[in-house]
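Trainee: Provided herewith is a single structure, encoded as structure tokens, for subsequent inquiry.
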Protein chains: 2
Amino acid sequence: MGALKFVIVPRKVSAINQVSAINLGRVSNDVKRPSGRHHGDLRRVLEEAALELVAEGGPKACTLAEVSRRAGVSVAAPYKHFADRDSLLAALVQKGYAEQRDRYVAAMKRKVEPAEQLAAFARAYVEFAAEQRPMFELTFAAGLDKTKYPELLNAGAELFEVLREPARNLRNTEAGSRDLVLAVAAAAHGLAVFVLEGVLLNVSQAKDLAASSARAIV
Amino acid sequence: MGALKFVIVPRKVSAINQVSAINLGRVSNDVKRPSGRHHGDLRRVLEEAALELVAEGGPKACTLAEVSRRAGVSVAAPYKHFADRDSLLAALVQKGYAEQRDRYVAAMKRKVEPAEQLAAFARAYVEFAAEQRPMFELTFAAGLDKTKYPELLNAGAELFEVLREPARNLRNTEAGSRDLVLAVAAAAHGLAVFVLEGVLLNVSQAKDLAASSARAIV
DNA sequence: GTCTATAGCTGGATAGAC
DNA sequence: GTCTATCCAGCTATAGAC
């Protein structure tokens, strides 16, 4: 009829936390610490290894076991830093959101006209996908259940809000500005996907297209 | 720490299936062939089961083992019909492409002006994603290496060509019409993704947005 | 904080009988 | 064409030592 199975349902979510804001600044000194020394930095090392794996074989190739191997630690070690595999991915995605936000804010700051700000965002979006491919894949194609990680939903919403300001200057109604943001972001997203899928081979061309689509939609 | 939860894990097979008779042309006579009878229709039954699984848990939940269980056959049976798991998925994706083509051609046929044809396509694209979600997910988020399945590349290119005609009527150059197709398709794709991700909740609204984006880009 | 060791499971794929 | 039986590989997660 059936079998009884015991399942641990993690209750505390907090383990995911703390991803805060350290994007670049790789510690590129060699990772090879053959055995058990705690470098204290393992969390970051794990994140980097995970990103590498995504880069090489997509999200599904990013297993905790392989991440551990790459990091040169045992398969048990990651569990001191992440509740489980998905939590590791979620942490990465959150970092990705933070970096995206920074990029978009910076890109828009260089323009004054709202329409040009949105065009700059569209450019930056495609650029992010191209330059940070694994991050992008992780964010949109890792099959991660984002509803389980409220921080991610928040980060996504925050991203949306960044675009809301220029949009409000271009539309009278709330619904109008919301639709504008959605349409521009969707166009940029679609082109980004095309670039990653190989449909569009030339990145700068894709960026141009994104910008002109954004202007057209405005 | 966590909570213990008891879960009934159905071990025996067949109780699960029963779900057939879904799409078109179903053989709705009872699927209950408890043992070894070759209905000859297994290939289709497997495809349907696979699609169901994608619908329930995304591409990664679609394993050959589970597909076999659903279909009420042994895990070895599928190998007479598909070389391996990816081949099954690829077959589904190809069916999906064919259906998409039909839909887009039909949608565009109802319009005469090229711009309206592209808008109709954009609508139909979002509609397809919403109505045939598992197909759409399979096509764009199954992590399938399409370069291993030339039929898929062809089918994708064919889809592209369908849009090329109206685009040529709107742009003078080859590059121009190609970019137009890409931009319109990208906008539609982005909105479709937003719908599936839950960012955009209202499908008909998404379709409207897709159509107006398409018109704007034109 | 990290290791070793291991339990437990699931899936892919094959061989050989019918 | 399908089954049974089986093998193997790989991953997740935990326990307990240091």
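Trainee: Return the total of residues in region B:67-80 being more than 20 Å from B:T139 (Cα to Cα), surrounded by 16 or more Cβ atoms within 10 Å (Cβ to Cβ) and not basic (K, R).
Mentor: Of the residues in region B:67-80, 6 are more than 20 Å from B:T139 (Cα to Cα), surrounded by 16 or more Cβ atoms within 10 Å (Cβ to Cβ) and not basic (K, R).
Trainee: Another question, if that's okay. How many residues, within region B:149-180, are within 30 Å of B:S87 (Cβ to Cβ) and among the hydrophobic types (A, V, I, L, M, F, W, C)?
Mentor: Total satisfying the criteria: 8.
Trainee: Inside region A:98-133, can you point out the residues that are part of a loop (DSSP other than H, G, I, E, B) and more than 17 Å from A:N169 (Cβ to Cβ)?
Mentor: Listed by number, the list holds a single entry, A:Q132.
Trainee: Taking interchain pairs and intrachain pairs at least six residues apart, which have beta carbon atoms under 7 angstrom, with the first residue in region B:68-84 and within 14 Å of chain A (Cβ to nearest Cβ) and basic (K, R) and the second assigned to a helix (DSSP H, G or I) and more than 6 Å from DNA strand D (Cβ to nearest atom)?
Mentor: Cβ pairs passing all conditions: B:R69/B:V13; B:R69/B:I16.
Trainee: If you check A:V93 against the conditions, is it surrounded by fewer than 20 Cβ atoms within 10 Å (Cβ to Cβ), away from DNA strand C (no atom under 12 Å from the Cβ) and aliphatic (A, V, I, L, M)?
Mentor: No: the conditions fail for A:V93.
Trainee: Any residue that is charged (D, E, K, R), touching a residue at least 60 places away in the same chain (Cβ under 8 Å), touching a helix residue (DSSP H, G or I) at 6+ places or on another chain (Cβ under 8 Å) and more than 13 Å from chain A (Cβ to nearest Cβ) - is there at least one of those in region B:156-175?
Mentor: So far as region B:156-175 goes, yes, one or more of its residues are charged (D, E, K, R), touching a residue at least 60 places away in the same chain (Cβ under 8 Å), touching a helix residue (DSSP H, G or I) at 6+ places or on another chain (Cβ under 8 Å) and more than 13 Å from chain A (Cβ to nearest Cβ).
Trainee: Also: Looking for something within 23 Å of B:P134 (Cα to Cα), facing another protein chain (nearest Cβ under 8 Å) and among the aliphatic types (A, V, I, L, M) - is there at least one such residue anywhere in region B:200-209?
Mentor: Checked against the condition, which is being within 23 Å of B:P134 (Cα to Cα), facing another protein chain (nearest Cβ under 8 Å) and among the aliphatic types (A, V, I, L, M), region B:200-209 yields at least one hit.
Trainee: Within region A:134-148, which residues are in a helix (DSSP H, G or I) and surrounded by 17 or more Cβ atoms within 10 Å (Cβ to Cβ)?
Mentor: Matches in region A:134-148: A:P134, A:M135, A:F136, A:E137, A:L138, A:T139, A:F140, A:A141, A:K146.
Trainee: Let me ask something else about it. Which ones in region B:163-184 are among the β-branched types (V, I, T) and surrounded by 19 or more Cβ atoms within 10 Å (Cβ to Cβ)?
Mentor: Those that are among the β-branched types (V, I, T) and surrounded by 19 or more Cβ atoms within 10 Å (Cβ to Cβ): B:V181, B:V184.
Trainee: Picking from B:A216, B:A192, B:A183, B:A188, which residue would you name as being in a helix (DSSP H, G or I), of a type outside the set (S, T, N, Q), in contact with a helix residue (DSSP H, G or I) (Cβ under 7 Å, 6 or more places away or on another chain) and more than 8 Å from chain A (Cβ to nearest Cβ)?
Mentor: B:A192
Read the figures in this text as sums done on the coordinates, not as results from a lab. All of these numbers come straight from a predicted model, not from anything done at the bench. Glycine also receives a Cβ, built like all others from the backbone with ideal geometry; neighbour counts cover every protein chain displayed.
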